[in-house]
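Chemist: After the structure tokens below, expect a handful of questions from me.
The values are calculated or read from the model by the stated rules, or taken from the named source; none is laboratory data. What you see is a predicted model, and the numbers here were worked out from it, not measured in a lab. Reconstructed Cβ throughout: ideal geometry from the backbone, glycine too, with neighbour counts over all protein chains shown. Areas reflect the complete protein model, heavy atoms only, side chains present, ligands, DNA and RNA absent. Shrake-Rupley method; radii C 1.70, N 1.55, O 1.52, S 1.80 Å.
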Amino acid sequence: QVIEQAELLENRYLNAKPSPQHFSVSTQHYAFAVNAFVKLVREYGQDEYELALRETKTHEIIQDVKSQRSEIGILYINEFNAKVISRLLKDANLKFTSLFTAKAHIFISVNNPLAKHSMVTLDQLQDYPYLYFEQGEYNSFHFSEEILSTLSHRKSIRVNDRATLFNLLIGLNGYTISTGVLSADLNGNEIIPVPLASDETLHVGWISHQNAALSKLASAYIEALHQTISE
């Protein structure tokens, strides 16, 4: 029995394959976050890996990183939500690192009548359906993925999936408010960003534990994010 157990141990540990790589990221619904994830897998994906990409609600992103369900979280902070988000991050012992700063844009279909405009105003958008992401039980304006979340809209549709939102942008000539950073590789050329006449500024960045060193894959993902955004 001792010899058999020794053989089992040898087979398990001496001849073991490298363990699968693990990495998880939780993010608001950003195409660049997906594109960076693709870069990561293409460069570092071995024969075995266990990775996770969670496009989810703002409050859940913070909870995922706090509980270490995800190593990295991606969200934005602006003047309106900074006090609430910063307090949550501090209480969870998390830090925010900026990726880029952006002015407000809308995403619309190339066939939308506003597509030829160099800039649009909120008044011009009144006749079009406003699309925004559901935030579940934490449906405070401060957790909204869209800036100017306190504005009222005559037509609005709440969704929880980025593909659904993009389909509605095309099918209903709807619009959403975002960063203006879009990936043609993943989203094709049917959706375009158009600047919105607004003084609002978004600081998009990633969150992680205050004192934890990033894993190799997390560091590589951050680098992929910078590459994707610069492209």
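Chemist: If the elastic network links every pair of Cα atoms under 10 Å, which of L165, L151, L75 fluctuates the most in the Gaussian network model of the chain?
Modeler: Maximum fluctuation in the GNM of the chain, among the listed residues, is at L151.
Chemist: Mind checking the per residue accessible area of the chain for me, 1.4 Å probe, whole number of Å²?
Modeler: Accessible area per residue: 55 Å².
Chemist: Hey, another quick one. If you count, for each residue, the other Cβ atoms within 10 Å and average over each peptide, how do 172-179, 117-124 line up from highest to lowest?
Modeler: On the way: 172-179: 22.4, 117-124: 13.0.
Sorting 172-179, 117-124 by mean packing, highest first, produces 172-179, 117-124.
Chemist: Where does the chain land on Rg/Rh, using Cα atoms and the Kirkwood Rh? Don't skip to the answer; put the middle values down first.
Modeler: Numbers: Rg = 20.9 Å, Rh = 19.3 Å.
That ratio equals 1.08.
Chemist: How would you order 28-40, 95-107 from highest to lowest mean count of nearby Cβ atoms within 10 Å? Each step should come with its number before you reach the end.
Modeler: Working: 28-40: 21.6, 95-107: 18.1.
Highest to lowest by the protection proxy: 28-40, 95-107.
Chemist: Determine the relative contact order of region 12-162: mean sequence separation of Cα pairs under 8 Å and six or more apart, normalised by residue count, in whole percent. Provide the component values of the computation, followed by the final result.
Modeler: Working: 147 pairs, mean separation 34.5, N = 151.
Over region 12-162, the number comes to 23 percent.
Chemist: Could you rank D127, D64 by how accessible they are, 1.4 Å probe, largest area first?
Modeler: Numbers: D127 100, D64 10 Å².
Final ranking, largest accessible area leading: D127, D64.
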